[in-house]
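Here is the structure we will look at.
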Amino acid sequence: MFQSVLKPTRVKPFYFKCLKEPEKFDVTLTTMITVDRFNILLNSMATFDGFFSVVMHIKDDEALNDNLNLLKSFIKNHNKEIQDRLDIHLIIDKFSRQLNYFRNVARLFSRTDLILPLDIDFIINRSFLSNLKKNKFVINKLLSGEGLFIIPAFEYTYAKRDTTLEHFPQTKKEVIGLYNFNDLEIFHGPKNHGHLSTDYEKWIRSKDRVYQIQPTNAGYEPYAVLNKNKIPWSDERFIGYGGNKCAWWYEIFLSGVNFYILPNDFVIHQYHEYPSVRTVE
């Protein structure tokens, strides 16, 4: 009985290894996926032209071989699209949702010092990487570890949540227009503490100027580009959903890193149904 429960986690770094080497100031998007998210991963790769360090978690159960075959089929069928920029790190065990552990693995094996930890169901504006590389202030703060740079997160309102990827906005001006017409809103809504400290109204007015914030809202958990060598690791004692990212962000803040907001960049959530197990948790 206990022998099957205590089987160790198997980690296979670079189960799929990309061919391209990063250039100066490149960024790696670190994330995690399951076998039902391959199409969402392809959407993300179509809009973000940096590298991807992706943890693929497969449970060690009766569906293990079927899920491994799905992964192999994805790699075979989409090799041309993914071979230059995608690393997949395979994790197999009997446990569920060790999310901070997954985040740490994706971060550990990322090819670049600059990383963007981002849920795979978000789409970032296409100009993000070029905007970042040409901003000397941002690059210097990132390389020194003095600062991290937050990307405001939006989602479509209920009436517009089925908007397809090809109709997502490409510029800040378009985002502001959709926001003013109540087609877009702050991710998880204007009353949710997860993103309020970003100060969206200031972002709308900011034009090209980076601005600094103090994360005063409890539960703040933004999305940001940061230097993986200059920040604390995610606490792997947290499992499941609820509070794990918030604790990490608070620890980063206490470490003395300055929080800045990027003035022209944004991420938008791709709507999808959440697994029922997450609702229960």
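The values are calculated or read from the model by the stated rules, or taken from the named source; none is laboratory data. If you're wondering where the values come from, they're calculated on a predicted model, not measured in any experiment. Cβ atoms come from the backbone with ideal geometry, glycine included; neighbour counts cover every protein chain shown.
Brief remarks on what is shown
- Restricted to helices (runs of 4 or more DSSP H) entirely inside the range 79-174, those with at least 2 residues that are in contact (Cβ under 8 Å) with a residue 12 or more places away in the chain and more than 27 Å from L64 (Cβ to Cβ) are 128-133, 136-144.
- Residue in the range 255-266 that is of a type in the set (G, A, S) and out of contact with any Lys or Arg (no Cβ under 7 Å at 6 or more places or on another chain) present: yes
- Residue match in the range 130-140 (condition: crowded, with 18+ Cβ neighbours inside 10 Å, within 30 Å of F181 (Cα to Cα) and modelled with pLDDT of 95 or more): yes
- Close pairs (7 angstrom Cβ cut-off, 6 or more residues apart or separate chains): under 16 Å from N131 (Cβ atoms) and in contact (Cβ under 8 Å) with a residue 12 or more places away in the chain in the range 24-36, among the aliphatic types (A, V, I, L, M) and assigned to a loop (DSSP other than H, G, I, E, B) anywhere: L29/L118
- Among (1) in contact with an Asp or Glu (Cβ under 9 Å, 6 or more places away or on another chain); (2) of a type in the set (S, T, Y); (3) surrounded by fewer than 19 Cβ atoms within 10 Å (Cβ to Cβ) - the single one T164 does not satisfy: (1)
- Options E236, E221; residue that is buried (at least 19 other Cβ atoms within 10 Å of the Cβ), in a loop (DSSP other than H, G, I, E, B) and touching a residue at least 12 places away in the same chain (Cβ under 8 Å): E221
- Unique residue being more than 28 Å from E251 (Cβ to Cβ) and crowded, with 19+ Cβ neighbours inside 10 Å when the list is L86, L68: L86
- Answer residue from the range 102-123, given it is of a type in the set (A, V, I, L, M) and under 30 Å from T9 (Cβ atoms) and is surrounded by the fewest Cβ atoms within 10 Å (Cβ to Cβ) among those: L108
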